[in-house]
Every structure is written in structure tokens, then in C-alpha cells.
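A quick write-up on the structure given underneath.
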Amino acid sequence: MKDFNYYAPTEVVFGEQSEEQVAHLVKKHGGTKVLVHFGGQSAVRSGLLDKICGLLREGGVDYVTLGGVVPNPRLSLVHQGIELCKKEGVDFILAVGGGSVIDSSKAIAYGVCYDGEVWDIYMGKDHPTKMLPVASVLTIPAAGSEMSEASVITNEDGDVKVGYSNNLARPKFAIMNPKRTFTLPPYQTAAGVTDMMMHTMERYFTKDDDMDLTTDLAEAVLRSMKNAVFAVLKNPEDYRYRAQIMWGGSLMHNGLTGCGVRDDWATHQLEHELSGMFDVTHGAGLAAVWPSWARYVMHENLSRFVRFAVNVMDVPNDFTDPEGTALKGIEAMERFYHAIGMPINIKELIGRDITDEEIKGMVGKCSRNGERTVGCLKVLEAKDMETIYQMARG
Ligand code: NZQ
Ligand code: ZN
């Protein structure tokens, strides 16, 4: 069993009345001048942004606003945010939105306290020791950024999408009102559940399979999400299951389902090149890659894939044929993705055949021109990445 530190400092304030506490929480966590950061339209349209700003005013908290974050958040807006925060003396960033808004907030928070170019941090040239505090009012359960140490930013110059992790970036608090997720379109709901499940699957498919408690927890949350998603796709205003999904998204990426194991993350790294190049929804990109990754690596720990098939995907165990059972688990996952409206290959994801040239481009970026490997269950070199992309082309 691998030694581990479990660090999940984010204060979670969950429920229908949670937003009412926003001014109190900002002050409690040291904020005096806030940047309220948000996305395209949803938070404006639903009235959430007005409500949060009103509550901050009533609570005597000064703020400025910056909207316009797009899915796969861009570096150029991060630069604007840094400038605005410096000009206005902002000391706290409140993200009102999903993973993209929270990640953009984290990048701004690094940049305000950093003398150099913030992109250098994402390029691994520096590891900052300070940043502004960040918190969120979450509107889409998916990325898990509301409790995670990670943020992922896209540099438009070359369409490079890169993640960076630092425990400093774990948000101070997360306000989660499941009712705010009633307005999510089915595609975003399904992509969100796909992403959160993958955050646990990246930790579940490991060679360290001696941490039974972590494995049991992982299987339980995977089953919960798999069932809950159908309830909310059928009835988007099902509070009970919207709530399970909202809390599940945080639990699946705050480290809990990774204690004592070495995590993999190859599917995420392969997907980041897809959303970097084609600007697709991250969760959908994961669904397009995972089945091919799984078929390519399953022999590295076949019994794990059998366990997944039986305990998560309800496949009967054919004890005489572990490989067949494992494959049936992957096929069942593909049926699940299709049933919730997700793609299972790149053609379904982008709506056309991907070219060999584009695959080569993604391999070059993912492997940093052959300098980087990804994954852990099976360490993937550039040639492995190319094979998986070819298997996934559809
Ligand atoms: O921009 P608006 O109009 O708000 O629309 C958003 C956006 O189009 C919409 N939306 C959000 N809440 C809504 C809503 N629509 C209706 N009702 C609501 N309540 O949903 C769309 C997607 O939002 P986004 O924030 O992009 O979604 P998500 O939370 O999936 O974040 C995706 C980003 O997070 C990164 C991904 O790579 C991607 O860039 N990730 C971040 C991680 C982290 N920081 O730990 C880990 C993840 O693996 C992931 O890589
Ligand atoms: Zn993800």
C-alpha cells in the first residue's frame, strides 16, 4: 500500500440555502475585495450572479466582476483577470460557475502574486508558494475543481491545454446548491458525470490493488453516479439525484478515492489534447478515449478489469474466462456512454474522421515531442499514445 497524505481543506456548504452564507464565508476566509468571476451566460440568465452580488453588497463586501470564461478556459482572459485584480486591489477570487470558471480563477490567483508570466507555472518552470485565496459557488458538478488542487488552462497560441497542480490552489470554500444544476442541458449533465466517474477510474485502475477500503469506496461512488445520472436525465429537477451527483463530483476528485494507490491519469492526458485541438467538452472527450485505453492496457491488471466489470457494470463473472469478463465490462461501459448520450470514439466526438496528421499532432503535444510518458498502470510512450488514438478513431 502506498503511503499517502490526504488534504481536503475546502469548507463545503451544501444545500438549498447555502448561497445565503456567501458574504459571511468570504469574510471568514479573509476576503475584503473580491473578484466575482463567471462564464458565458448561465449564471446571468438564472439570476445567480445578481443574487451573489446582492448578498456580497448586503454583507458589506466590496467586489468587481469579470465574466466571459469559456469551456476549456483561455489564457488571454486569465491575463485580463490578473490586470484587473492588481488594478482594483482584489484579495479574494469567487468563481460562480463550473470547472472552467474555477480553473480560470485559480490561474488568475497565481498570476496576481507572481512576478513572471503565469503560463510559465503551467509549463512547469516554477512552483509558486503563494496565491490569492479562491472559492466557488458551483453550478455544474463535473471537474471537481471546487475541492481539487488542479487547474487546466488553454493557451490559444498553439491550442495547448495544460494542467497544473498545487495544494495551495484547493479552494477555501464551495457553495453547492443542487437546485442550481436543474438548468444543465442533458449533454453537460452526462459529460459531467462521465468526467467525475473518470476521476475515480483513473485512480481505480492501478497496480496497487491492496487498499480494499479505497477500492470499495470507489466502486460505491461509481455505482451511485451510474444510477443517478439516469434519474436526472429523465427528470432534470430531481433534487435527490442532482444532490447525489453534486456531492459525488467533489468526493471523486478530492483525493478520497485515491488514498493508498498510485493513480494513472493517462485517459485525461490523452483527452486534454482532444479538447485542446477540437475544443470539445472534456467529459465527452474522456468517453471517446477510455474504451480504447482500457482495451490496450487491461492485461497490466486483468483482475482489476474483471472486478470493475462485475462490481460496477453488473456483468456476470465468467470465472473460466477473465479476459472475456473484462472485455464485457468495457463493452458495458460503452453501452452506458451511449445510453447517456456520450461518444465512444473520436469520430462520434468530433463528427468526422480524424486525420493521421491530427493524430500525430496530438501525440507530439501529449508526449512533449517524445520527452514525456503518461500513465502508470501502463506507462505510455509516444508510440502507445498513437496506437490508442488510432484505436479510438472510430
Ligand atoms: O459559460 P456558461 O454560460 O456558464 O455555460 C456553462 C458551459 O457552457 C454551462 N453551465 C454551467 N453551469 C450551468 C451551465 N448551464 C446551465 N446551467 C448551469 N447551472 O456548462 C458548460 C460547461 O461548463 P464548464 O465549467 O466548462 O464545465 P466543467 O465543470 O466540466 O469544467 C470543464 C473544465 O475543467 C477542466 C476541464 O479540462 C475543462 O477545461 N478540468 C479541471 C479539473 C480540475 N481543476 O481539477 C479536473 C478535470 O479533470 C478537468 O480536466
Ligand atoms: Zn476530468
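Structure summary
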quantity	calculated
Where the Cα pairs of segment 293-394 fall when distances are cut into 10 Å bins, in %	15, 36, 35, 13, 1
Relative contact order (percent, whole number), segment 222-372, Cα cutoff 8 Å, 6+ residue spacing	21
Distance from segment 338-394 to segment 147-204 (C-alpha centre basis), Å	20
Translational diffusion coefficient (Stokes-Einstein; Kirkwood radius from C-alpha pairs) of segment 11-180 at 10 °C, 1.306 mPa s, in µm²/s	102
Residue-by-residue Karplus 3J(HN,Hα) for segment 34-50, coefficients 6.51, -1.76, 1.60, Hz, glycine and proline x	10, 8, 8, 10, 8, x, x, 9, 4, 6, 6, 4, 7, x, 5, 4, 4
Convex hull volume of segment 186-391 per residue (C-alpha atoms, cubic angstrom)	112
Computed FRET value (nearest 0.05) for Y187 with R262, which takes r as the C-beta separation and R₀ as 35 Å	0.60
Residue-normalised accessible area of the chain, given per residue in Å² at a 1.4 Å probe	40
Contour minus Cα-Cα distance for D3 and E88 (0.36 nm per residue)	26.3 nm
In nm, spacing of pseudo-spin labels at L302 and K51 (7 Å Cα→C-beta vector)	5.3
Cα-based radius of gyration of segment 131-223 once divided by 2.2 N^0.38 Å, which approximates compact folds	1.26
The chain - mean residue ellipticity at 222 nm from DSSP helices (-39,500 (n - 2.57) per run, n ≥ 4, rounded to 500)	-15000 deg cm²/dmol
In sequence order, calculated HN-Hα J values of segment 348-354 (Karplus, 6.51, -1.76, 1.60; Hz; x Gly/Pro)	5, 6, 9, x, 7, 5, 7
For V12, distant residues with modelled amide H under 5 Å away	A174
Compactness index (Cα Rg / 2.2 N^0.38 Å), the chain	0.96
Percent carbon-and-sulfur accessible area, segment 11-180, ignoring ligands, DNA and RNA, probe 1.4 Å	48
Residues of segment 296-311 with amide N under 19 Å of the 7 Å Cα→Cβ point at F319	302-311
5 angstrom amide H check on Y63, placed H, neighbours 5+ away	V34
Formal net charge of residues neighbouring G329 (Cβ-Cβ distance under 14 Å; K, R +1; D, E -1)	0
Residues whose placed amide H lies under 5 Å from that of A95, excluding near-sequence neighbours	H37, A135, S136, V137
Set of aspartates and glutamates with alpha-carbon distance to K207 below 15 Å, sequence-local pairs under 8 removed	D3, D263, D264, E300
Mean Cα-pair separation over length for the chain, i.e. relative contact order, pairs under 8 Å, 6 or more apart, %	16
Projected label distance in nm at K207 and A339, using a 7 Å step from Cα toward the beta-carbon	3.4
In order through segment 17-27: 3J(HN,Hα) via Karplus (6.51 cos²θ - 1.76 cosθ + 1.60), integer Hz, x for Gly, Pro	9, 4, 4, 4, 8, 4, 5, 4, 5, 4, 5
Portion, in percent, of the accessible area of segment 186-391 that falls on carbon or sulfur, probe 1.4 Å	50
GluC sites (Glu not before Pro) within segment 43-123: DSSP coil, no more than 15 neighbouring Cβ in 10 Å	E117
Sites excluded, trypsin sites (Lys or Arg not before Pro) in DSSP loops with at most 11 other C-beta within 10 Å, longest stretch of the chain	131-351
Segment K130-K383, length gained on full extension (0.36 nm per residue, minus Cα span)	87.2 nm
For segment 59-135: relative contact order, % (alpha-carbon pairs under 8 angstrom, 6 or more apart)	32
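The values are calculated or read from the model by the stated rules, or taken from the named source; none is laboratory data. Computed from a prediction, not measured in an experiment: that's the story for all the values here. For neighbour counting, all protein chains shown are included, and Cβ atoms are generated from backbone atoms with ideal geometry for every residue, glycine included. What goes into the accessible areas is simple: the full protein's heavy atoms, side chains included, and nothing from ligands, DNA or RNA. Shrake-Rupley method; radii C 1.70, N 1.55, O 1.52, S 1.80 Å.
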